[in-house]
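Note sheet for the following structure.
The values are calculated or read from the model by the stated rules, or taken from the named source; none is laboratory data. Keep in mind the model is a prediction, meaning the values are calculated, not measured. Cβ placement follows ideal geometry from the backbone for every residue including glycine, while neighbour counts extend to all protein chains displayed. These area figures cover heavy atoms from the full protein model, side chains too; ligands, DNA and RNA do not enter into them. Shrake-Rupley method; radii C 1.70, N 1.55, O 1.52, S 1.80 Å.
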Amino acid sequence: MTDDAADATRTDAVDRVRERAADLAPALGATWTDDEPWRFLTDLTAIGSRMAGGEGERRAAGLVADAFERAGLADVHTEPFELPAWERGSASLDVTVSRRDGEPATRSFEALALPYSPSGSVAGELVDVGYGTPAEVDERDVEGRIAVASTTTPEGGRFVHRMEKFGYAVDSGAVGFVFVNHLDGQLPPTGSLTFGEEAEAVAVGVSKETGAWLREYAVGGTVGGAERGSVGGAVDTASQGTPAESESVARAELSVEASTTPGESRNVIGRAGPDTDERVLLLAHYDAHDIAEGALDNGCGIATVATAAGILAEADLPIGVDVVAVGAEEVGLLGAEHLADRLDLDRVKGVINVDGAGRFRDLVAMAHASTAAASVAEAVSTATRQPIEVDAQPHPFSDQWPFVRRGVPALQLHSDSGDRGRGWGHTHADTRDKVDDRNVREHAMLIALLVAEFAAPERDLPRLDRDELAAAFREADFETGMRAADLWPADWD
């Protein structure tokens, strides 16, 4: 396509979005003052735990179905699916150090088991692996030790996911894993270790404040400005494991009680527009971790989708839009996997996954290596004069992944807090008081326009080429971490 043709295509798309916004002005205007998003979010967060496979998730599915009915969606129903349901028990982390008089002293720290951690106990030295990137793990001798890694990653590169850090540390010989929150507040983080199966080693989350102590006690940690077990700031592997070092480095005992048993989750599905062969999918997960209300992750996301559904129900759509609240995202994208497996993906024009929208002020559209999907977000941003930051880089850690890896173009809609990492998400503090429902309502309006543009007959959304997609993941430095987390598709080799 020539530059002039590309400019004309962009202009046509912007004009089309403006015309559609004018047609939907009554529905968009009603959304501006609608109290339904806040009332729905209140009901959802009042449940408490919405852990995948649990009673709270089942109750939440009923609330979502009711919200879809109120929005005017057709054929609202639920589709159950089986999953390995993980249930949290107790966790303990005890560290024994030598006192000044040489006698041992043991201290206990608060810890939360990470989902799909098996039951079990391990003991060994702690080893500080910093951010937990593969390069940092390679710098340490983690064999037989308990790795201590941060929830964040260095600036200047992509965000390295918890599953990658855990998988790489265990593959390198670690017998246990401690995930340290990088934010203040005595908030131990949670988050699944694997996609839908019991992990190979015990693992817990601890607060930033606990992590500061653990790093002081760890191989590679710092004491009085000097690094334990190191010479000149680099790890002294020759001295590791010597009696002198073993006496100076604390030993930890890490125990987890948990169970993984057969369970059931469910997707909630409704339709906007005509019942056509070709479809657009609008997704958001409604499950949440069991330690909090899940208001931000992903209460805001499913509230945004339910609100957008009400606008789409008023739209004159050329093809059908399946609006799907997926279950069990937090433990492995299991609802999205079930959906992708049962659909004829040749009939799916594109996917919009809302995971993180509605939380903060400005919308972020992750295009997952699809330039056509990115151009949809750019057109809506230009037409509405609303900022939408477009990020082309792909990742495998949300509900678009089962579709993207099969070549379906997708947008993942997030929002930017200005901080690196999850913030309150995956902690006890993910509560309704953090939500400003103006963001939910405004993002719902933008999402309705994004979905309608995806559905436009003039909008061409080419399939993602497998080799080009694999190359994009390699270019973004995902391959090592994805292989460690057992997420690299076999047909990409």
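Odds and ends about this structure:
- Filtered residues of region 111-136 (kept if aromatic (Phe, Trp, Tyr) and either open to solvent by 20 Å² or more (accessible area, probe 1.4 Å) or closer than 17 Å to residue 216 by Cβ (or both)): 131
- Exclusive hit being touching a residue at least 12 places away in the same chain (Cβ under 8 Å), of a type outside the set (A, V, I, L, M), under 27 Å from residue 182 (Cβ atoms) and crowded, with 24+ Cβ neighbours inside 10 Å, set 400, 393: 400
- If the condition is being crowded, with 24+ Cβ neighbours inside 10 Å, within 30 Å of residue 264 (Cβ to Cβ) and over 19 Å from the mean Cα position of the chain (by Cα), then region 169-224 contributes 177, 202.
- Residues considered: 66, 7. Of these, the only one that is surrounded by fewer than 16 Cβ atoms within 10 Å (Cβ to Cβ), without any contact (Cβ under 8 Å) to a residue 24 or more places away in the chain and within 30 Å of residue 437 (Cβ to Cβ) is 66.
- Each residue in region 16-25 was checked for being within 34 Å of the chain's Cα centre (by Cα), surrounded by 12 or more Cβ atoms within 10 Å (Cβ to Cβ) and part of a helix (DSSP H, G or I), and 5 pass.
- Among the residues of region 415-433, those that are touching a Gly at 6+ places or on another chain (Cβ under 8 Å) and surrounded by fewer than 24 Cβ atoms within 10 Å (Cβ to Cβ) comprise 415, 417, 429, 432.
- Members of region 469-488 that are open to solvent by less than 10 Å² (accessible area, probe 1.4 Å) and aliphatic (A, V, I, L, M): 469, 470, 482
- One residue from 335, 350, 310 being part of a strand (DSSP E or B) and either modelled with pLDDT under 95 or among the small types (Gly, Ala, Ser) (or both): 350
- Enumeration of residues in region 271-286 that are closer than 11 Å to residue 323 by Cβ and either surrounded by 24 or more Cβ atoms within 10 Å (Cβ to Cβ) or aliphatic (A, V, I, L, M) (or both): 272, 280, 281, 282, 283, 284
- Residue 122 being among the β-branched types (Val, Ile, Thr) and either farther than 30 Å from residue 303 by Cα or in a strand (DSSP E or B) (or both): yes
- Some residue of region 287-299 being assigned to a strand (DSSP E or B) and either modelled with pLDDT of 95 or more or surrounded by 23 or more Cβ atoms within 10 Å (Cβ to Cβ) (or both): no
- Verdict on residue 28 being under 27 Å from the mean Cα position of the chain (by Cα) and of a type in the set (A, V, I, L, M): no
- Which numbered condition residue 53 fails, given (1) assigned to a helix (DSSP H, G or I); (2) touching a Leu at 6+ places or on another chain (Cβ under 6 Å): (1)
- In region 204-227, the residues that are out of contact with any Asp or Glu (no Cβ under 8 Å at 6 or more places or on another chain), assigned to a strand (DSSP E or B) and either modelled with pLDDT under 65 or aliphatic (A, V, I, L, M) (or both): 204, 226, 227
- Residues that are at negative phi, crowded, with 23+ Cβ neighbours inside 10 Å and either among the polar types (S, T, N, Q) or part of a loop (DSSP other than H, G, I, E, B) (or both), drawn from region 313-332: 327, 329, 330, 331
- Residue within region 346-353 that is open to solvent by 10 Å² or more (accessible area, probe 1.4 Å) and under 17 Å from residue 442 (Cα atoms) present: no
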